[in-house]
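A quick write-up on the structure given underneath.
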Amino acid sequence: MKIAYVLNTYPQPSHSFIRRELQALERQGLQVHRFAMRAADGDLVDPQDRAEAERTEYVLARGVGRLLQSALGAALSGPGRFLAALKQARRMGKRSEVGTLRHLIYLLEAAYVAQRCKALGVEHIHAHFGTNATAVAALCRTLGGPRYSFTVHGPEEFDAPRALSLPEKLTQSAFAVAVSSFGRSQLSRWAPFAVWPRLNVVHCGIEKSKFPSPVPMPQGPLRLVAIGRFVEQKGQMVLVNALSLLRDLDVHLTLVGDGEMRPDLEAAVAANDLQDKVRFTGWLSEADVTRTLSEAHVLAMPSFAEGLPMVVMEAMAAARPVIATYIAGTPELVQSGRTGWLIPAGDAEALADSIRHAAALPTEELAQMGLVGRARVFERHDVETEAAKLSTLFRQAGD
């Protein structure tokens, strides 16, 4: 079976889970063509991402002339379908925050994707995130292209379901996927009852082979690591504030990632005189992330809004306990007191208390918590198992 993935920007350092999913599907015998609207800004650090970029067809790179040619071809070959897609683009654009013009651009992209899918023999399109990539997939379908499905991660889709035309996208799709039971419940809020049987849970997966026998816990004072984009919703500022409450504690934090909030975080670290306790690494390759996790005792994930963070899965696979916020799908994986600690979002004092608790535990107890978490994530998030679920859904959609 030949399918296509439609993505907005791919590959990206924070979207390695898509790469793993694609490659697992290919190992299971599916042919997967990659469409992305645009390439990532800046250089890709991870060689696996660079290899994926070589395999990806970038739609906007074809130029306006080529996209207009595809749209003209769609209008001439199927004027009724094109008019329906045009009306759909305008309808979605009026609801959205980005406006009608942007959705007319999505229509041009969809016309190109539909033309290419026909030439490639693609039977099904899958998109990640219920935002513009799924808009392109939906418009492509209206133009006569392949049926489509999409994976919703959150929190963006849950923040603005009407503006993203989520009910329409769900109703038109062959099926939709959430990465947690919480996510499926949020989709159920916006889908007609008749669509509920087409809402599925397929977890993001990890490759067990990338996490052999866990590295022993380091000796010495508590070492924390936090991994993710430097944006408000990830809560890194709360982590800095928590450290400012622990001046008597010998603890070190490594912040992996980058983003628009980096100057604010660096300023907060300096203002609280925490330079000797906090290190910024920028984005790291997947191998370096694994190494950094192995050098830490605990992962801190103080997010305000999430789907189900991949870094939590990766930390648990590396046998490291997790301090995370009690939000979205995270409590479905992290068990407070067994695999780490769950705290209220935005509560620096609760976060500081959990860090202090972790620092007081013997290394052996932290290691045991890590092993319990490792077993749990291997059971629930094996990429081969989850890709098999997705492959089955693709095949069943065509029956």
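What to note about this one:
- Residue match in region 308-317 (condition: crowded, with 19+ Cβ neighbours inside 10 Å, in contact with a Cys (Cβ under 8 Å, 6 or more places away or on another chain) and in a loop (DSSP other than H, G, I, E, B)): yes
- For the condition of a type in the set (A, V, I, L, M, F, W, C), outside the structural domain of residue 286 (by TED's automatic domain parsing), within 16 Å of residue 136 (Cα to Cα) and surrounded by fewer than 16 Cβ atoms within 10 Å (Cβ to Cβ), residue 68 qualifies.
- Qualifying residue in region 98-105 (condition: touching a His at 6+ places or on another chain (Cβ under 8 Å), surrounded by fewer than 16 Cβ atoms within 10 Å (Cβ to Cβ), assigned by TED's automatic domain parsing to the domain that holds residue 142 and farther than 21 Å from residue 9 by Cβ): no
- Residue list for region 121-159, restricted to those being over 20 Å from residue 307 (Cα atoms), surrounded by fewer than 24 Cβ atoms within 10 Å (Cβ to Cβ) and out of contact with any strand residue (DSSP E or B) (no Cβ under 8 Å at 6 or more places or on another chain): 142, 144
- Of all residues in region 78-100 being within 27 Å of the chain's Cα centre (by Cα) and of a type in the set (A, V, I, L, M), the one that is farthest from residue 140 (Cα to Cα): 98
- Members of region 166-179 found to be crowded, with 24+ Cβ neighbours inside 10 Å and either in contact (Cβ under 8 Å) with a residue 40 or more places away in the chain or in contact with a helix residue (DSSP H, G or I) (Cβ under 6 Å, 6 or more places away or on another chain) (or both), listed by number: 166, 169, 170, 176, 177, 178, 179
- Selected residue (criterion: surrounded by the fewest Cβ atoms within 10 Å (Cβ to Cβ)) from residues of region 180-216 that are of a type in the set (Gly, Ala, Ser) and closer than 30 Å to residue 367 by Cα: 213
- Here is the figure for region 364-395: residues that are surrounded by 22 or more Cβ atoms within 10 Å (Cβ to Cβ), over 15 Å from residue 310 (Cβ atoms) and in contact with a Ser or Thr (Cβ under 7 Å, 6 or more places away or on another chain) total 1.
- Among the residues of region 336-363, those identified as surrounded by fewer than 21 Cβ atoms within 10 Å (Cβ to Cβ) and polar (S, T, N, Q) are 336, 363.
- Filtering 133, 85, 110 for residues that are in contact with a Cys (Cβ under 6 Å, 6 or more places away or on another chain) and at pLDDT 95 or above leaves a single hit, 110.
- The criterion of being assigned to a helix (DSSP H, G or I) and under 26 Å from the mean Cα position of the chain (by Cα) does not hold for residue 358.
- Only residues that are within 21 Å of residue 374 (Cβ to Cβ), assigned to a loop (DSSP other than H, G, I, E, B) and among the polar types (S, T, N, Q) were counted across region 275-307, and they come to 0.
- Only a single item in (1) within 26 Å of residue 138 (Cβ to Cβ); (2) at pLDDT below 95; (3) assigned to a helix (DSSP H, G or I) is not met by residue 154, and it is number (3).
- Some residue of region 306-316 being of a type in the set (Asp, Glu), modelled with pLDDT under 95 and closer than 24 Å to residue 367 by Cβ: yes
- For region 335-348, the condition of being at pLDDT 95 or above, outside any helix (DSSP H, G or I), closer than 16 Å to residue 217 by Cβ and not assigned by TED's automatic domain parsing to the domain that holds residue 26 holds for at least one residue.
The values are calculated or read from the model by the stated rules, or taken from the named source; none is laboratory data. Remember, it's a predicted structure, so these values are computed and weren't measured experimentally. Using ideal geometry, Cβ is built from the backbone for each residue, glycine included, and neighbour counts are taken over all protein chains shown.
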